[in-house]
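The values are calculated or read from the model by the stated rules, or taken from the named source; none is laboratory data. Note that the coordinates shown come from a computational prediction; the quantities given were computed from them, not determined experimentally. For neighbour counting, all protein chains shown are included, and Cβ atoms are generated from backbone atoms with ideal geometry for every residue, glycine included. Ligands, DNA and RNA are excluded from the accessible area calculation, which covers all protein heavy atoms including side chains. Shrake-Rupley method; radii C 1.70, N 1.55, O 1.52, S 1.80 Å.
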Amino acid sequence: MTGMQDLTGGRELVMVSNRLPVDRVVAADGTTSWRTSPGGLVTAVEPIVEQLGCVWVGWAGSEDEHIEPFEIGRMRLEPVELSHDDVERYYEGFSNGTLWPLYHDVIAPPEYHRHWWDRYVKVNRRFAERVAETAAQGAVAWIHDYQLQLVPAMLRELRPDLTIGFFLHIPFPPRGLFEQLPWRRSIIQGLLGADVIGFQRVPDAISFRTIAERYTHTQALGNTMVLPATPDAPGRTVLAQEFPISIDAAAFAEVARRPETQQRAREIRAELGDPKTVMLGVDRLDYTKGIRHRLKAFDELLADDEIDASNIVLVQVASPSREQVDAYRQLRNEVELTVGRLNGERGTIGHSPLVYLHRGYSREEMVALYLAADVLLVTPLRDGMNLVAKEYVACREDEQGVLVLSEFAGAADELKDALLVNPHDIEGLKAAFLRATHMPQEEQRRRMQGMRRAVHDNDVEHWASAFLGSMTSISETRATAQAN
Ligand code: ADQ
């Protein structure tokens, strides 16, 4: 990346997220060390971190444990401690039992509990205080996601010298839903503490600006919110717009090009019995991902003999997720019941049309799966972006393969050459699955070329530079204004 110094204007970068981007590794002799978790946010900022270094504030993932700050490469990790009670109320409770369903179209009913909210406020303050203690003068603080929406305003009060950015990885709900939240004004005021607020899609940003105008004394001028001066603070502006996240497309392509990955893809097809068509779904086991609808459509196609059960396999990879939260336990039970029933009714002694894998895989194995799949089914009922769709496209240098993609995933804005579907429409899903299994190679190529251009034009480096670039230009404009 060129012009890296310019990205933060030489200022220190402080990343803030609920989880630190590291996992603990325990060696055979019992000693522990840390390594960065593969994928995710850390890869997005890796090139920046390698050049500039950064501080990362977040939870290390274990309850009631004090961990001293430590370093990995050019990163200084600053662990924030969470008690068992904090995890239950702030994380599983308010973050995943209230905000997650509310922000995903209330697919599951959000629960509103005052003791969850009180803990959310308290933990957000703990994060803000830790950043305030650790950040260098004039640093750039980049806060991530729905667990930390109050941190921007709390941090601004403690450290007005910082430039503050906030990025929401999940959708921002429409006004009619957001207004259910008993603490709606506090959330908006919390977010408005930032200089830049980033969303995945244009409608998310529009909804935020409309709600902010309604509940605070701000006015939207295009993408900019104008905040009037108060007795305690001068007037200022906040940029609130879309910054669609992406993946490290070149890194995925590199793994896909390795002969051993391609060999593994062939092995996977052979292990599946070399069927004519391999379909694939890859999701966290989450009710937003539309897994039940997808399996229903697949089951009906088999039941009606529209596809030949002996010549197709759907591989559904569902990584374990939030297993302490009730709605997730229930979903797992339902999906596993469906898998058993479907294979029981449609399979034969030698062949199961549905292969269900409830575990995590390495990057290499994921890429081999992408290469082995003729069709990728990404059919969430609502999804901020969905990186799986982009990963599939980045891996398919052979320009083959069909992506069936939900209109309700952020990725649909960029991947317009996918077969776009409404995941609630079971007949529509079935038609798209059939069309995908029969698509001529030439059409696959044309569509894949268009999608590959989109993913390469906006990769994760582009995303991170665009976000940091706008934070930096705001802080420079402000510094110039103060100097004059
Ligand atoms: P998620 O809801 O987790 O992310 P997604 O964007 O699809 O959804 O990212 C999942 C990531 O996990 C992908 O990189 C995928 O390869 C990986 N993964 C999934 N299953 C796996 C498995 N079994 N083994 C190994 N890896 C697996 C949230 C939002 C999204 C948004 C992202 C980023 O919900 O909408 O795109 O953040 O902003």
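What are the residues in the stretch 25-60 that are more than 25 Å from Ala464 (Cα to Cα) and either crowded, with 19+ Cβ neighbours inside 10 Å or not acidic (Asp, Glu) (or both), if any?
Those that are more than 25 Å from Ala464 (Cα to Cα) and either crowded, with 19+ Cβ neighbours inside 10 Å or not acidic (Asp, Glu) (or both): Val25, Val26, Ala27, Ala28, Gly30, Thr31, Thr32, Ser33.
Could you please find all residues in the stretch 209-225 being over 25 Å from the mean Cα position of the chain (by Cα) and either closer than 11 Å to Leu192 by Cβ or charged (D, E, K, R) (or both)?
Hits for the stretch 209-225 are Glu213, Arg214, Tyr215, Thr216, His217, Thr218, Met225.
Has the stretch 42-51 got at least one residue that is closer than 19 Å to Leu82 by Cα, in contact with a Ser or Thr (Cβ under 6 Å, 6 or more places away or on another chain) and within 15 Å of the ligand (Cβ to nearest atom)? Walk me through how you get there before you give the answer.
Initially, the stretch 42-51 is screened for residues closer than 19 Å to Leu82 by Cα, giving none.
No - not one qualifying residue is present in the stretch 42-51.
Kindly evaluate Leu331 against the criterion of being more than 29 Å from Gly97 (Cα to Cα) and within 16 Å of the ligand (Cβ to nearest atom).
Criteria not met by Leu331.
When the stretch 320-356 is examined, which residues are found to be more than 30 Å from Tyr91 (Cβ to Cβ), β-branched (Val, Ile, Thr) and under 32 Å from the mean Cα position of the chain (by Cα)?
Answer for the stretch 320-356, where residues must be more than 30 Å from Tyr91 (Cβ to Cβ), β-branched (Val, Ile, Thr) and under 32 Å from the mean Cα position of the chain (by Cα): just Val355.
Given (1) within 16 Å of the ligand (Cβ to nearest atom); (2) in a helix (DSSP H, G or I), identify the lone condition not met by Val16.
Looking at each condition in turn, Val16 falls short on (2).
For the stretch 392-413, give me the residue count where each residue is within 10 Å of the ligand (Cβ to nearest atom) and surrounded by fewer than 24 Cβ atoms within 10 Å (Cβ to Cβ).
0
Which members of the stretch 275-319 meet the condition of being assigned to a helix (DSSP H, G or I), more than 11 Å from the ligand (Cβ to nearest atom) and under 27 Å from the mean Cα position of the chain (by Cα)?
The answer is Tyr287, Ile291, Arg292, His293, Arg294, Leu295, Lys296, Ala297, Phe298.
Quick one: count up the residues across the stretch 311-344 that are open to solvent by 50 Å² or more (accessible area, probe 1.4 Å) and of a type in the set (A, V, I, L, M, F, W, C).
Of the residues in the stretch 311-344, 1 are open to solvent by 50 Å² or more (accessible area, probe 1.4 Å) and of a type in the set (A, V, I, L, M, F, W, C).
Which of the residues that make up the stretch 90-125 are basic (Lys, Arg) and open to solvent by 70 Å² or more (accessible area, probe 1.4 Å)?
Across the stretch 90-125, the qualifying residues are Arg114, Lys122, Arg125.
Looking at the stretch 345-391, which of the residues that are of a type in the set (Gly, Ala, Ser), open to solvent by less than 10 Å² (accessible area, probe 1.4 Å) and farther than 23 Å from Thr288 by Cα is farthest from the ligand (Cβ to nearest atom)?
Ala372
Among (1) open to solvent by less than 10 Å² (accessible area, probe 1.4 Å); (2) more than 25 Å from Arg125 (Cα to Cα), there is one condition Leu77 misses while meeting the rest; what is its number?
(2)
Take Thr134 and tell me if it is over 22 Å from the mean Cα position of the chain (by Cα), open to solvent by less than 10 Å² (accessible area, probe 1.4 Å) and either within 16 Å of the ligand (Cβ to nearest atom) or of a type in the set (S, T, N, Q) (or both).
For Thr134, the condition - over 22 Å from the mean Cα position of the chain (by Cα), open to solvent by less than 10 Å² (accessible area, probe 1.4 Å) and either within 16 Å of the ligand (Cβ to nearest atom) or of a type in the set (S, T, N, Q) (or both) - is not met.
Can you work out which of the residues in the stretch 145-169 that are in a loop (DSSP other than H, G, I, E, B) and within 16 Å of the ligand (Cβ to nearest atom) is farthest from Val45 (Cα to Cα)? Outline the logic, then answer.
So the first thing to find is which residues in the stretch 145-169 are in a loop (DSSP other than H, G, I, E, B), and the list is 145, 149-150, 159-162, 168-169.
Then keep just the ones that are within 16 Å of the ligand (Cβ to nearest atom); that gives 145, 149, 168-169.
Details: Asp145: 16, Gln149: 21, Leu168: 16, His169: 15 Å.
My answer is Gln149.
Please pick out the residue among Leu280, Leu272 that is open to solvent by 10 Å² or more (accessible area, probe 1.4 Å) and at pLDDT 95 or above. Step through it out loud before you land on a result.
Details: Leu280 fails: open to solvent by 10 Å² or more (accessible area, probe 1.4 Å).
That would be Leu272, the only listed residue that is open to solvent by 10 Å² or more (accessible area, probe 1.4 Å) and at pLDDT 95 or above.
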